[in-house]
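K.L.:
One structure coming up, written as C-alpha cells, with questions to follow.
The values are calculated or read from the model by the stated rules, or taken from the named source; none is laboratory data. Note that the coordinates shown come from a computational prediction; the quantities given were computed from them, not determined experimentally. Cβ atoms come from the backbone with ideal geometry, glycine included; neighbour counts cover every protein chain shown.
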C-alpha cells in the first residue's frame, strides 16, 4: 500500500547546530550581540495598494518576548487623516512585540479609504527602543513613500527563515521589498496567461506527479499505485534519472512539467498520483499523497478534483485566471491561497528547490538549498569581475551582456557547493545584471550566505544601472 512508503528527503547535516547549542552551555561562552533592524531602509506603497506590511527582524530568536517601540515622523501625511497603522499608534509611537522563539514582527500601514495622495507624502519610522538584551542595529530607520518606489540602491538580508529553509522569498528590487511565504503553504500553481493551460508542482517541497491511464478519480484505488512509493521518491545519496519525468524541469519551461497541458477535451485529462514531498523540519516530515484530476471549466479557468488515494469521493476547487499574476495557487487543505506577488511586483526568489544533477541521460533530480529563481518577465546576465568590476559597471556596459530568461539563470551559480572538507560559500568573482518587468536594469551581488553564522539568511547588495 502506498501509505506504507515514506518519502526520503535529502539529508542535511545538523552537526554545526548541535555544536553551536553545545557551546552555549559551556561556562564562559557568550553569544554575539543580538540586534533588531528593519528588513530594508526604504519602501514604497503604490497608488493601487491600500496597505503595506513593514517588518523588523532580530539577528536570532530569543526565549522571551521582546517589546519594540517605533517612532513616526510625518512628512505631508497626518495620522487618521491620510493613514492609520495596525496596531494603532499612540502619541506617534507604534508598539509591537517579537514573540518568544521568533525572530521577527511586523506592523501594517493603511491608507484611509477615499483619500487622495500627491505622491510626495512620506513617513519615517525609527526604531526607538527594544527590550533587553536586544540592541538596535544599523538599519534602524525606514522611509515609507506614498508613491511607487524605484530603489536606486539597497542591501539587506533575505528572510529565508533559518537552517530548515522554511520560506520561499520573493524579492522586488525596485520596491526594495521582500515577501516571505512558508513554502508548504501551497501545492499546485495554475498558469494565468490566457493562451495556455498549464499546472506546476510546488518544487520547493519536493513534489512529484505521475499520470495513470484513468480519468475517473473515484475509480482510482491503492492498487493503482503499487510500487509508486519507491519509484516517486528522492534519494538522498544517489539521484535517480528515472524520477526526472515526475518533476517540473528546473528551467521553468512550461512544456516540461510533470502534469501535461490541460486539454479542452475533458476526457483527455487523466488522473495523476501526487507525492506532496516533504515539509519543514529536521527531519522533514512527509506531506503525504493525493490523487488529482484537472479539467478546464466554463468560466475559462481550471477545476481541480482531488482526494486521498483510498477515498471513494473527491473535492473540487475552481481556479480562475487572473491577468495580474503569472500563477494562481491552491492548497489541498485550504483551497485558493496567496503565494507569489503580482507579476510586476517581484523579480527574483530565494528558495529550497528541486534541481537537477548531471547532464543528458544522466540528469537526475535532487534537492538544493539556496536556489535563486527569476520571474518569467525578468532577464539575467552574469558578469565576472575579471571582465568588469561591480563598482565600475555602468549603463554603457549593458549592451555587451548576454541575457537569459531561464528561471534558473542565477540558480545555484552564486555560491560554491561545498564538500566534505568545507561548506558552501558565496562566489565573490561574479555578479548579475537583472532586467526587471518594467525595463529597469540592476546590478546585484551576493555578499553573505549566512547571518551571524546561521544558514537560511543570505545577504544581497544591488544598485540601479538604468531606469526603465
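K.L.:
Would you pick out the residues in the stretch 449-463 that are touching a strand residue (DSSP E or B) at 6+ places or on another chain (Cβ under 8 Å) and either surrounded by fewer than 17 Cβ atoms within 10 Å (Cβ to Cβ) or closer than 14 Å to residue 380 by Cα (or both)?
P.N.:
Correct list: 459, 461, 462.
K.L.:
Looking at 154, 195, 174 in this structure, which one is over 17 Å from residue 279 (Cα atoms) and without any contact (Cβ under 8 Å) to a residue 24 or more places away in the chain?
P.N.:
195
K.L.:
With the requirement that a residue be surrounded by fewer than 16 Cβ atoms within 10 Å (Cβ to Cβ) and either modelled with pLDDT under 95 or outside the structural domain of residue 61 (by TED's automatic domain parsing) (or both), what does the stretch 134-143 give you?
P.N.:
Of everything in the stretch 134-143, just one residue is surrounded by fewer than 16 Cβ atoms within 10 Å (Cβ to Cβ) and either modelled with pLDDT under 95 or outside the structural domain of residue 61 (by TED's automatic domain parsing) (or both), namely 138.
K.L.:
Please go through the stretch 312-331 and pick out each residue that is surrounded by 15 or more Cβ atoms within 10 Å (Cβ to Cβ), part of a loop (DSSP other than H, G, I, E, B) and within 19 Å of the chain's Cα centre (by Cα).
P.N.:
Within the stretch 312-331, 325, 326 qualify.
K.L.:
Here's something else I'd like to know. Give the residue, chosen from 392, 425, that is on the phi < 0 side of the Ramachandran plot, loosely packed, with under 14 Cβ neighbours inside 10 Å and either in contact (Cβ under 8 Å) with a residue 40 or more places away in the chain or touching a strand residue (DSSP E or B) at 6+ places or on another chain (Cβ under 9 Å) (or both).
P.N.:
Exactly one of 392, 425 is on the phi < 0 side of the Ramachandran plot, loosely packed, with under 14 Cβ neighbours inside 10 Å and either in contact (Cβ under 8 Å) with a residue 40 or more places away in the chain or touching a strand residue (DSSP E or B) at 6+ places or on another chain (Cβ under 9 Å) (or both), namely 425.
K.L.:
State which residue is nearest to the chain's Cα centre (by Cα) when the search covers only the stretch 347-377 and only residues that are part of a loop (DSSP other than H, G, I, E, B) and under 19 Å from residue 256 (Cβ atoms).
P.N.:
Ranking the qualifying residues of the stretch 347-377, first place goes to 375.
K.L.:
Further question on the same structure: Tell me which residues, restricted to the stretch 229-268, are closer than 24 Å to residue 192 by Cβ and either loosely packed, with under 13 Cβ neighbours inside 10 Å or not assigned by TED's automatic domain parsing to the domain that holds residue 286 (or both).
P.N.:
Once the filter is applied, which keeps residues that are closer than 24 Å to residue 192 by Cβ and either loosely packed, with under 13 Cβ neighbours inside 10 Å or not assigned by TED's automatic domain parsing to the domain that holds residue 286 (or both), the stretch 229-268 yields 253, 255, 264, 265, 268.
K.L.:
Restricting the search to the stretch 285-304, which residues are out of contact with any helix residue (DSSP H, G or I) (no Cβ under 7 Å at 6 or more places or on another chain), within 23 Å of residue 225 (Cα to Cα) and in contact (Cβ under 8 Å) with a residue 12 or more places away in the chain? Talk me through it step by step, then tell me what you get.
P.N.:
Here is the first cut: in the stretch 285-304, the ones out of contact with any helix residue (DSSP H, G or I) (no Cβ under 7 Å at 6 or more places or on another chain) are 285-286, 288, 290, 292, 294, 296-304.
Then keep just the ones that are within 23 Å of residue 225 (Cα to Cα); that gives 285-286, 288, 290, 292, 294, 304.
Within the stretch 285-304, 286, 288, 290, 292, 294, 304 qualify.
K.L.:
Hey, another quick one. Looking only at strands (runs of 3 or more DSSP E) that fall completely inside the stretch 126-173, which ones have 1 or more residues that are over 15 Å from residue 462 (Cα atoms) and in contact with a helix residue (DSSP H, G or I) (Cβ under 8 Å, 6 or more places away or on another chain)?
P.N.:
Result: 167-172.
K.L.:
Looking only at residues in the stretch 209-228 that are in contact with a helix residue (DSSP H, G or I) (Cβ under 8 Å, 6 or more places away or on another chain) and closer than 15 Å to residue 246 by Cα, which one is surrounded by the fewest Cβ atoms within 10 Å (Cβ to Cβ)?
P.N.:
Looking at the filtered set, the residue picked out is 212.
K.L.:
OK, next. Hey, any hits in the stretch 59-66 for a residue that's at pLDDT 95 or above and under 18 Å from residue 108 (Cβ atoms)?
P.N.:
no
K.L.:
Right, something else. Of the residues in the stretch 85-116, how many are surrounded by fewer than 16 Cβ atoms within 10 Å (Cβ to Cβ) and over 27 Å from the mean Cα position of the chain (by Cα)?
P.N.:
Matching residues across the stretch 85-116 total 11.
K.L.:
Next question. Regarding residue 194, is this residue outside the structural domain of residue 40 (by TED's automatic domain parsing), more than 21 Å from residue 108 (Cα to Cα) and at pLDDT 95 or above?
P.N.:
Here the answer is no, as residue 194 does not meet what is asked.
K.L.:
Same structure again: So how many residues does the stretch 269-283 have that are in contact with a strand residue (DSSP E or B) (Cβ under 8 Å, 6 or more places away or on another chain), surrounded by fewer than 23 Cβ atoms within 10 Å (Cβ to Cβ), in contact (Cβ under 8 Å) with a residue 60 or more places away in the chain and not in a strand (DSSP E or B)?
P.N.:
Looking only at that region, the number is 3.
For (1) under 17 Å from the mean Cα position of the chain (by Cα); (2) within 16 Å of residue 154 (Cβ to Cβ); (3) modelled with pLDDT under 95; (4) in a strand (DSSP E or B), each residue gets a yes or a no:
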position	(1), (2), (3), (4)
397	no, no, no, no
409	yes, no, no, no
419	no, no, yes, no
422	no, no, yes, no
437	no, no, no, no
445	no, yes, no, yes
461	no, yes, no, yes
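K.L.:
Read through the list (1) within 26 Å of residue 171 (Cα to Cα); (2) free of Cβ contacts under 8 Å to residues at least 24 places away in the same chain, then give the number of the only condition that residue 78 fails.
P.N.:
Checking residue 78 against (1) within 26 Å of residue 171 (Cα to Cα); (2) free of Cβ contacts under 8 Å to residues at least 24 places away in the same chain, the one that fails is (1).
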